[in-house]
Each structure stands twice: as C-alpha cells, then as structure tokens.
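Laboratory data are not the source of any read-out in this text; all were calculated from the coordinates shown. Since we're looking at a predicted model, the values are computed, not measured. Glycine also receives a Cβ, built like all others from the backbone with ideal geometry; neighbour counts cover every protein chain displayed.
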C-alpha cells in the first residue's frame, strides 16, 4: 500500500515536471513572438486574490462606523500609542459598550496588517495605526 502510494507520487511529480517544461517552452515562444515581453514570476502564495488585497491599493468602500475595525481605530487614535489586543478589547468595551471576540478582532486586524491598510503589528498581539507611526517618524526624522 505505502509503496503504491510512493510510486503514484513519483509518477505525478514526473508528470508535473514534464508539464512545467512544456509550459516554460511555450512561455519562451510567446515571449519571442510578443517582442520579449517578460512576465514576472509570482509564487501562488503571494498572488493577491483581488484588488483590495494589493498593498497600497485604495479601499473600494468606506469602513463601517459600527465595526470592530472602526472601534479599534478609534481606540488606538485616542490612546496615541500601540496597544495589546487585550487592552484594545477592554477599551472597546468601555467606550462603545460592545463585546468583541478576541479571535475575531485579531483576524480582522491581521487581514488589514497584511495589506498595509490602517494598522500595523508592532509586536505579537500588539497593533498600532500606520498614520500615528508615520507622524512619529516625521517628528523624529
């Protein structure tokens, strides 16, 4: 059973290698035909799945004012410094009288951090506002 699976894996890897070689050859021919257009190689894990996920691209719509991200932004603005997620949750509950799940908020913030939109991560589970960081850099530099 294990030998059969290993054999199947080897066959599939060989097929992939052959197909990749064919693809590379076709790309070379296409480049020669199209005046040497060079297409960048972007690993699949780094390809944005939509326009909003491209770093620096403008957001398509405004953020809701009653969302965990809006509350986080307000709390961070008020604090004027980076805050640990537990402190943010405490302040959101005090200021907006809303309970937010920790995992939800961390996930939402992490998604924005990944595309360099509004927030950045300064330490594990500690987030800050990009705007405040830029202001501090301007004052220092």
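Quick look at the values:
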| item | result |
| --- | --- |
| Cα gyration tensor shape for the stretch 74-135, rounded if a/c is under 1.5, else prolate or oblate | oblate |
| Rel. contact order, % - alpha carbon contacts under 8 angstrom, at least six apart, the stretch 68-140 | 33 percent |
| Relative packing of peptides 87-96, 69-78, 4-13 - highest average C-beta neighbours within 10 Å first | 69-78, 87-96, 4-13 |
| Spacing of the two label points (7 Å from each Cα toward its C-beta) at residue 22 and residue 41, in nm | 2.0 nm |
